[in-house]
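Colleague: My structure is below; once you've seen it, I'll send some questions.
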Amino acid sequence: MSSPNRLIEGFARFRGDHFAADDVVYRHLVEHGQTPKFLIVGCCDSRVDPALIFDCAPGDLFVIRNVANLVPPAEDRVGHHGTTAALEYGVRVLGVEHIVVLGHAHCGGIQNLMKTGGAVNPDSFIDDWMSLAESARVSVIEEFSHATEAQRQRACEQRAVLVSLNNLQTFPWIAQRVAEGNLKLHGWYFEIESGQLLDYNATTRQFEALLSS
């Protein structure tokens, strides 16, 4: 079994970097609170850390991470809705100006969805959660019948991002801010192999590279 010493050593370096006598970053964040402009809905995959990918400082991002970076639709019932509660806090309390749904290649959640064929094991929290992206899986199976397994998974990963973007609009306090021009929604896709970042273009209905090379 691995030791937590690596994490403790990392914390020691972090503390030395950010809590030195002349460092004001965290002092400012404590005194003035957090004011992030970007809310990221990302996957809990260990390879896809938004703060690392976007090279951001503490306080820059309000991050929600779950399996396959999914956003559930608005529901009337009150319950234990971690993603929804975090969205509400980011939008209604912090007043973020952008929401980015950050999908990625080789997503284990999407892989599970494709392999189970949408079947939900009642004893599996993962299966139940991934059913949120069932419409993406179905559309990919219908339209990519002759594609390889890898191609279908990639397509499903990207379409799941679109499902989440649509679900975001089902929340009145998000839809209103979007309509007023105070909030923008983005669908991005991180290619782990190439280190490329793709953005969904609603006009062309394609994911296109944000950087030229």
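The values are calculated or read from the model by the stated rules, or taken from the named source; none is laboratory data. Because the structure is predicted, anything quoted here is derived from the model rather than measured. Every residue, glycine as well, gets a Cβ built from its backbone with ideal geometry; the counts of neighbours run over all protein chains shown. Each accessible area value is taken on the protein alone, full model and side chains, heavy atoms only, with ligands, DNA and RNA left out. Shrake-Rupley method; radii C 1.70, N 1.55, O 1.52, S 1.80 Å.
Colleague: Which of these, ALA20, ALA202, ALA155, has the largest mean-square fluctuation under a Gaussian network model of the chain (Cα springs below 10 Å)?
Modeller: ALA20
Colleague: Here's another thing I want to ask about it. Go through THR116, TRP129, HIS81 and say which Cα lies farthest out towards the positive end of the charge dipole of the range 73-138; charges sit on Cβ, +1 for Lys and Arg, -1 for Asp and Glu.
Modeller: THR116
Colleague: To continue, here is another question. In deg cm²/dmol and to the nearest 500, what is the mean residue ellipticity at 222 nm of the chain if only DSSP H runs of at least 4 residues count, each as -39500 (n - 2.57), divided by the residue total? Don't jump to the answer; show the numbers that get you there.
Modeller: Values: 9 runs with 87 residues, N = 213.
Taken over the chain, the calculation gives -12000 deg cm²/dmol.
Colleague: Going by a ≥ b ≥ c, the root eigenvalues of the Cα gyration tensor, does the range 168-213 fall in the rounded group (a/c under 1.5), the prolate group (a/b larger than b/c) or the oblate group? Before the final figure, lay out the partial values.
Modeller: Details: a/c = 2.94, a/b = 2.47, b/c = 1.19.
Verdict is prolate for the range 168-213.
Colleague: For a quick check, take a GNM of the chain with Cα springs below 10 Å and name the residue from VAL24, VAL71, VAL96 with the largest mean-square fluctuation.
Modeller: Comparing VAL24, VAL71, VAL96 in a Gaussian network model of the chain, the most mobile one is VAL24.
Colleague: Among DSSP beta bridges whose residues both lie in the chain, state the antiparallel percentage, nearest 5. Intermediate values should be presented prior to the final figure.
Modeller: Details: 8 of 26 bridges.
Restricted to the chain, the bridges split so that about 30 percent are antiparallel.
Colleague: On to the next question. Quick check on the range 103-207: of the DSSP beta bridges with both residues there, what percent are antiparallel, nearest 5%? Numbers along the way, then the final one.
Modeller: Details: 6 of 8 bridges.
The antiparallel fraction comes to roughly 75 percent.
Colleague: As an exercise, use a Förster radius of 41 Å and the Cβ-Cβ distance of ASN182 and SER3 to find the FRET efficiency, rounded to the nearest 0.05. Can you show the working numbers first?
Modeller: Details: r = 47 Å, r/R0 = 1.15.
FRET efficiency, ASN182 to SER3: 0.30.
Colleague: Now for a different question. Between ALA51 and ALA119, what length comes free when the chain is fully extended (0.36 nm per residue of separation minus the Cα-Cα distance, one decimal in nm)? Write out the running numbers ahead of the final one.
Modeller: Details: separation 68, 0.36 × 68 = 24.48 nm, distance 3.41 nm.
Result for the pair: 21.1 nm of gain on full extension.
Colleague: With charges only on Cβ, +1 for K and R and -1 for D and E, what is the dipole size of the chain about its Cα centre, in debye, rounded to 20? Numbers along the way, then the final one.
Modeller: On the way: 17 positive and 26 negative charges, 15 e Å.
The calculation lands at about 80 debye.
Colleague: I would also like to ask the following. Once label points are set 7 Å from the Cα along Cα→Cβ at both ALA20 and LEU211, what is their separation, rounded to one decimal in nm?
Modeller: Each label point is offset 7 Å from its Cα along the Cβ direction, giving 2.7 nm.
Colleague: Working out 0.36 nm times the residue gap between ARG92 and VAL78, then minus their Cα-Cα distance, what length gain in nm do you get to one decimal? Could you put the intermediate results ahead of the total?
Modeller: Details: separation 14, 0.36 × 14 = 5.04 nm, distance 1.73 nm.
Gain on extension, ARG92 to VAL78, equals 3.3 nm.
Colleague: Taking 7 Å along the Cα-to-C-beta vector as the label spot, tell me the SER135-ALA202 distance in nanometres, rounded to one decimal.
Modeller: According to this spin-label approximation, the distance is 1.5 nm.
Colleague: Take PHE125, PHE207, PHE144 and sort them by solvent-accessible surface of the protein heavy atoms, 1.4 Å probe, largest at the top.
Modeller: Working: PHE125 190, PHE207 35, PHE144 70 Å².
Descending order: PHE125, PHE144, PHE207.
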